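The values are calculated or read from the model by the stated rules, or taken from the named source; none is laboratory data. Just so we're clear, the structure is a prediction, and the values are computed from it rather than from any experiment. Note: ideal-geometry Cβ built from the backbone for every residue, glycine included; neighbour counts use all protein chains shown. For the accessible areas, the whole protein counts, side chains as well, though only heavy atoms, and no ligand, DNA or RNA atoms are used. Shrake-Rupley method; radii C 1.70, N 1.55, O 1.52, S 1.80 Å.
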Amino acid sequence: MVGDMISFLETVRDRPVWRPVPASIKKRLRSSLPQEGLAPEIVYDEFRELILPYGYGNIHPRFWAWVNGTGTVFTVLAELLAATMNPNCYGSDSSPFYVEQQVLSWMKEFLGFAQDSSGLLLSGASIANFVAIAAALESRADGDIGKDGLWSLKRPMILYSSEETHYSVDKAVRMLGLGTSSMRKIPVDADFSIDLDRLVGAIQSDRRQGLKPFCIVGNAGTVRTGAFDNLQELATLCKQEGLWFHVDGAFGALVAASPALAKRTSGMERADSVGFDLHKWMFMPIGVGCVFVRDRRVHRRAFEAEASYLARTESGIGSVRDPFGNYGPELTRGFRALKVWMGLKEHGAKKYVQIIEQNVSQAAYLRRLVEAAPDLDLLAPVPLNIVCFRLVARGFTDDELNEINRRLLLALQDHGLAAPSLVSVNDRVGLRVAITNHRTRQSDLDFLVDVTRECGKRIVSGSS
Ligand SMILES: *Cc1c(COP(=O)(O)O)cnc(C)c1O
């Protein structure tokens, strides 16, 4: 199995990026519960036939849809080792516990975040945002919400972020019982960063109405275009207004480690909390994200609960004083840290920075190709690793061009040529290329532009 998987990765470039799952396979994946066991060889054969050929596409060098990561060979093997040990990483006197602590400390160093902050690994940035906003709520509530819930609040609490903010923040606000009407989605400037004047105006207006502003979520790399909010200004505003400052840096936070790009995240080091992913731009197998919270006590207060069966002991397995289980919703936690530990050791931090910088230069390269092509238009600035563009042709309305671009995107995906995702910027539909892919080469971007223009020509001539 290990040999097959290594060969599968070696030949990833030779296969289509993606292919639809045939109806016959879907049918076989709806079989009834197996009552009797099969020989492992038979089960493995089924895996190779039914599952392996029909993946999501993200390990391919020309996959740039949404924001995903690719995974590396050595971290695949790390998953095998982690599953072999199969520890519960709630927090016990076991090496997996200390490995997670070490990984957290390394990542604080990588991002330049306070070493004495608390943190933990989670399934992804969505849950990282949830944990951070739970801590923000705990910190700023004027009642005992741990005991009496939101009923204890004297005034409704309000969270601010830009319109471009990831929907996981909406989900977090809902899960915390605040509801999305407690969220102010502030319009953005032409560069898709939060409009600071309107943010200040919204905070003042809410205060006048007797509401309680409690948190600003700043973006380090928005999901649609890779835009950065002015994190220095947001940090200062939070300080002045007494608000919690959280940064969603799912992928963008990582550029803090690059001397060439770090200016964009300037101010993030002043945040009360940061959420980011390791399975996107750190190329770890899905799913691993991370949260840091500056005030360890507040973080712990938001998730602490009493349970006699988890009481700590002076020696033995349960002798770790401050388990990770006190800092998030999970009790039984997988050994996510091992792949991060092994990946960082295998490559060194510098290699990750180099690949991040490479992806950013590749996005700039693609932007130049788009600018040079008479039939392609850029839809948004390219501040980082995301390029949004569309095909244009004379004699078509915007609505017709939207339909043409939608068909173009589907043609690229359906034929397995390349996988951008669909984007709409100022009501213009186009292709979005988010490069968090260590396998992408410059020639892949040349290829993308060539096939986009060829397919586009065919669709346009069919439409006219
Ligand atoms: C991907 C992403 C998230 C959510 O992270 P998951 O790992 O998918 O849970 C949050 N914010 C931004 C900006 C993202 O790109």
Residue by residue through the stretch 34-89, note down the ones that are open to solvent by 80 Å² or more (accessible area, probe 1.4 Å), outside any helix (DSSP H, G or I) and away from the ligand (no atom under 16 Å from the Cβ).
-> 34, 35, 36, 38, 86
(1) assigned to a helix (DSSP H, G or I); (2) under 22 Å from residue 61 (Cα atoms); (3) in contact with a Lys or Arg (Cβ under 7 Å, 6 or more places away or on another chain) all hold for residue 326 apart from (2)
Given the structure, is residue 93 touching a Ser or Thr at 6+ places or on another chain (Cβ under 7 Å), among the acidic types (Asp, Glu) and more than 30 Å from residue 226 (Cβ to Cβ)?
-> yes
Scanning the stretch 236-253 for residues that are more than 21 Å from residue 107 (Cα to Cα) and out of contact with any Leu (no Cβ under 9 Å at 6 or more places or on another chain), which turns out surrounded by the most Cβ atoms within 10 Å (Cβ to Cβ)?
-> 238
Run down 184, 224, 198, 208 and say which single residue is of a type outside the set (A, V, I, L, M, F, W, C), touching an Asp or Glu at 6+ places or on another chain (Cβ under 8 Å), at pLDDT 95 or above and over 18 Å from residue 137 (Cα atoms).
-> 224
Of all residues in the stretch 329-346, how many are farther than 16 Å from residue 290 by Cα and either in contact with a His (Cβ under 7 Å, 6 or more places away or on another chain) or buried (at least 19 other Cβ atoms within 10 Å of the Cβ) (or both)?
-> 1
Part of a helix (DSSP H, G or I) and touching a residue at least 60 places away in the same chain (Cβ under 8 Å) - does that describe any residue in the stretch 285-292?
-> no
Search the stretch 282-310 for residues being charged (D, E, K, R) and at pLDDT below 95, and hand back the single one that is most open to solvent (accessible area, probe 1.4 Å).
-> 306
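I'm trying to understand the selection: among the residues of the stretch 106-132, which are more than 16 Å from the chain's Cα centre (by Cα) and under 21 Å from residue 216 (Cα atoms)?
Going through the stretch 106-132, the residues more than 16 Å from the chain's Cα centre (by Cα) turn out to be 106, 108-110, 112-119.
Passing the criteria: 112, 113, 114, 117, 118, 119.
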With respect to residue 178, determine if the residue is surrounded by 22 or more Cβ atoms within 10 Å (Cβ to Cβ), within 30 Å of residue 226 (Cβ to Cβ) and either within 16 Å of the ligand (Cβ to nearest atom) or touching a residue at least 24 places away in the same chain (Cβ under 8 Å) (or both).
-> no
Residues located in the stretch 254-276, provided they are surrounded by fewer than 20 Cβ atoms within 10 Å (Cβ to Cβ), small (Gly, Ala, Ser) and farther than 28 Å from residue 214 by Cβ = 258, 260, 262
Flagged in the stretch 90-107 as open to solvent by less than 70 Å² (accessible area, probe 1.4 Å) and outside any helix (DSSP H, G or I), in numbering order, are 90, 91, 92, 94
All positions within the stretch 181-225 that are assigned to a loop (DSSP other than H, G, I, E, B) and polar (S, T, N, Q) | 193, 209, 222, 225
If you check 101, 115, which single one turns out to be more than 16 Å from the ligand (Cβ to nearest atom), of a type outside the set (A, V, I, L, M) and in contact with a Ser or Thr (Cβ under 9 Å, 6 or more places away or on another chain)?
-> 115
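Could you please let me know if residue 200 is over 27 Å from residue 297 (Cβ atoms) and among the β-branched types (Val, Ile, Thr)?
Considered against the rule, which asks whether it is over 27 Å from residue 297 (Cβ atoms) and among the β-branched types (Val, Ile, Thr), residue 200 comes out as yes.
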Qualifying positions in the stretch 137-171 - farther than 29 Å from residue 381 by Cα, open to solvent by less than 60 Å² (accessible area, probe 1.4 Å) and either within 16 Å of the ligand (Cβ to nearest atom) or acidic (Asp, Glu) (or both) = 138, 142
Inspect the stretch 398-421 for any residue being open to solvent by 40 Å² or more (accessible area, probe 1.4 Å), without any contact (Cβ under 8 Å) to a residue 24 or more places away in the chain and either in a loop (DSSP other than H, G, I, E, B) or over 15 Å from residue 463 (Cβ atoms) (or both) and give the result as yes or no.
-> no
